[in-house]
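The structure appears below as structure tokens.
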Amino acid sequence: MSPASFETVYLDSPALRFAHDGHNLTFTAADGTFYPRISLRRSFPLSAENTYIVVRVPEAEGDRGNELGVIRDCQNLDEQSRQAVEEELRRFYLVPVVQRIHSIREEFGFLYWSVETDRGPKDFIMRDSVIGQVRQVGTGRWLIIDINQTRYEIRDYENLDEKSQAFLNRFLLL
């Protein structure tokens, strides 16, 4: 295999177009080549949400497919394409954002959470050993993993109400 096969191809042209056709995300490359179905994956899913997005053409259902290139920053896309890409990424990376904590109670080695998220009210359970279940992914930004491996995000600890911050300080020792 030649060394050139490992070089990253950046898709930075303003001529790129992304759009939804039903449930499929379509892509028109700068040279006019049309791809009726592509998949997107974040290179850095927790720390750089809308930068370094890998664009692939799946060969078969569930296949990783062939990589077409990498979008350095979604902000460089036209408005319609940027919205289509961000919507597709939200579908794939479904991580509810905690907006308010109603209660956390500890019982028999588990923490029982009742929260309000950007997707509505949620109740979940996590082990009280927070070392493996809570990860800081940025300043004031936390990822919480429940017993089913579902992820919840706290985007900005400082913007939560005082009651929510008190729960986090008490149970997660933030």
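The values are calculated or read from the model by the stated rules, or taken from the named source; none is laboratory data. Predicted model, so just to flag it, every value in this text is computed and none were measured. FYI the Cβ positions are ideal-geometry reconstructions off the backbone, even for glycines, and counts take in every protein chain you see.
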Query raised in the report: Which condition does Ile154 not pass, out of (1) in contact with a His (Cβ under 9 Å, 6 or more places away or on another chain); (2) crowded, with 16+ Cβ neighbours inside 10 Å, if it passes all the others?
Result: (1)
**Report entry** Residue in the range 149-168 that is farthest from Leu94 (Cα to Cα), counting only those that are part of a loop (DSSP other than H, G, I, E, B) and at pLDDT 85 or above
**Finding:** Asp161
**Report entry** In the range 56-76, the residues that are out of contact with any helix residue (DSSP H, G or I) (no Cβ under 9 Å at 6 or more places or on another chain), part of a strand (DSSP E or B) and either surrounded by 13 or more Cβ atoms within 10 Å (Cβ to Cβ) or at pLDDT 90 or above (or both)
**Finding:** Arg56, Val57, Glu67, Leu68, Gly69, Val70, Arg72, Asp73
Query raised in the report: Mind checking which residues of the range 129-139 are surrounded by 14 or more Cβ atoms within 10 Å (Cβ to Cβ) and part of a loop (DSSP other than H, G, I, E, B)?
Result: Val130, Gln133
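Which one of Tyr112, Tyr157, Tyr152 is within 30 Å of Arg56 (Cα to Cα), touching a Phe, Trp or Tyr at 6+ places or on another chain (Cβ under 9 Å), outside the structural domain of Ser43 (by TED's automatic domain parsing) and among the aromatic types (Phe, Trp, Tyr)? Talk me through it step by step, then tell me what you get.
Values: Tyr112 fails: within 30 Å of Arg56 (Cα to Cα); Tyr157 fails: within 30 Å of Arg56 (Cα to Cα).
When all the criteria are applied, what remains is Tyr152.
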**Report entry** For Leu94: the one exception among (1) at pLDDT below 90; (2) surrounded by 15 or more Cβ atoms within 10 Å (Cβ to Cβ); (3) not in a helix (DSSP H, G or I)
**Finding:** (2)
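Quick one: would you say Asp78 is of a type outside the set (A, V, I, L, M, F, W, C) and within 16 Å of Ile53 (Cβ to Cβ)? If you could, list the steps in order and put the result at the bottom.
Details: of a type outside the set (A, V, I, L, M, F, W, C): yes; within 16 Å of Ile53 (Cβ to Cβ): yes.
It is true that Asp78 is of a type outside the set (A, V, I, L, M, F, W, C) and within 16 Å of Ile53 (Cβ to Cβ).
Here's the yes/no breakdown for (1) surrounded by 15 or more Cβ atoms within 10 Å (Cβ to Cβ); (2) under 30 Å from Arg17 (Cβ atoms); (3) polar (S, T, N, Q):
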position: Gln83; (1), (2), (3): yes, yes, yes
position: Glu86; (1), (2), (3): yes, yes, no
position: His102; (1), (2), (3): no, no, no
position: Phe108; (1), (2), (3): no, no, no
position: Leu111; (1), (2), (3): yes, no, no
position: Pro121; (1), (2), (3): no, no, no
position: Arg127; (1), (2), (3): no, no, no
